[in-house]
1. Of 68, 147, 191, which is the most mobile in a GNM of the chain whose springs link Cα atoms less than 10 angstrom apart?
2. Roughly what % antiparallel, to the nearest 5, for the DSSP beta bridges in the chain?
3. How large is the convex hull of the C-alpha atoms of segment 137-270 per residue, in Å³?
4. Computed over the Cα atoms of segment 212-266, what is the convex hull's projected area averaged over all directions, in nm²?
5. Multiply the residue gap between residue 50 and residue 132 by 0.36 nm, knock off their C-alpha separation, and tell me the result in nm, one decimal place.
6. Would you give the gap between the C-alpha center of segment 128-159 and the C-alpha center of segment 48-81, rounded to a whole Å?
7. Nearest 500 deg cm²/dmol is fine: what mean residue ellipticity at 222 nm does the chain get from its DSSP H runs of n ≥ 4 alone, each adding -39,500 (n - 2.57), divided by its residue count?
8. Which of 66, 104, 55 ends up with the largest GNM mean-square fluctuation for the chain, with Cα atoms connected below 10 Å?
């Protein structure tokens, strides 16, 4: 009787331990995935999350923070996933985190809708942000000083590393108060005829105009071979993803996930 009792107790305990391990790994069906992003990365996370929830029944909650705050939150264990549009280099990516790049988020230049300029060369872009070209007439436009929208979103820093070197004497246009850099760029450019700003493609408002660079706009066919201004869309986890988090990333890479990325003008990774 004692032997049977011990055997039954052992089996019950073993079953309980296995259930706990399995539940922790899969974040049990009907559980919750928490994601934090910023104004440049949260919109795609929200669309992917809604579609994944509908498909799997797993609740996905996306919260909004400052630029790259999702990476910090993931590192601290406050969220399951941090999302960020940024071209992380190995030396500045926090240890212990794992990033999955699921798309490229093109960076475009936006101007006032009445601006006669429709295209700039990459050399002209560099010269504008270096402060060498300071008037629109130098690129075939009005005789008026260029006003550079210099907000602190991730795209500004990415462009400084990837394409341009900002001059110290730029004619800057900065909002009176801090806020959403995506909306701020659209607002400042739409209110100032001489303005030029940097924006993620697909986030521009209807009352600004996107410029071509070297005669092309960013598409799946032109990025990065002909259009090389972009940020990586990173899904960041603390350690290797498992369970529903892993399934979410797999969904982001799926045909449906790629369709969602394209709907926001992001270029899905192959």
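Read the figures in this text as sums done on the coordinates, not as results from a lab. It should be emphasised that the depicted structure is a prediction, and the values quoted were computed from it without experimental measurement. FYI the Cβ positions are ideal-geometry reconstructions off the backbone, even for glycines, and counts take in every protein chain you see.
1. 191
2. On the way: 25 of 39 bridges.
Of all bridge pairs located within the chain, approximately 65 percent are antiparallel.
3. Values: hull volume 21.0 nm³, N = 134.
Considering the Cα atoms of segment 137-270, their hull volume per residue is 156 Å³.
4. Numbers: hull surface 18.8 nm².
Taking the Cα atoms of segment 212-266, their convex hull projects to 4.7 nm² on average.
5. Numbers: separation 82, 0.36 × 82 = 29.52 nm, distance 4.59 nm.
Length gained, residue 50 through residue 132: 24.9 nm.
6. Answer, in whole Å: 35.
7. Details: 8 runs with 97 residues, N = 270.
Per the formula, -11000 deg cm²/dmol.
8. Of the options given, 55 has the highest mean-square fluctuation.
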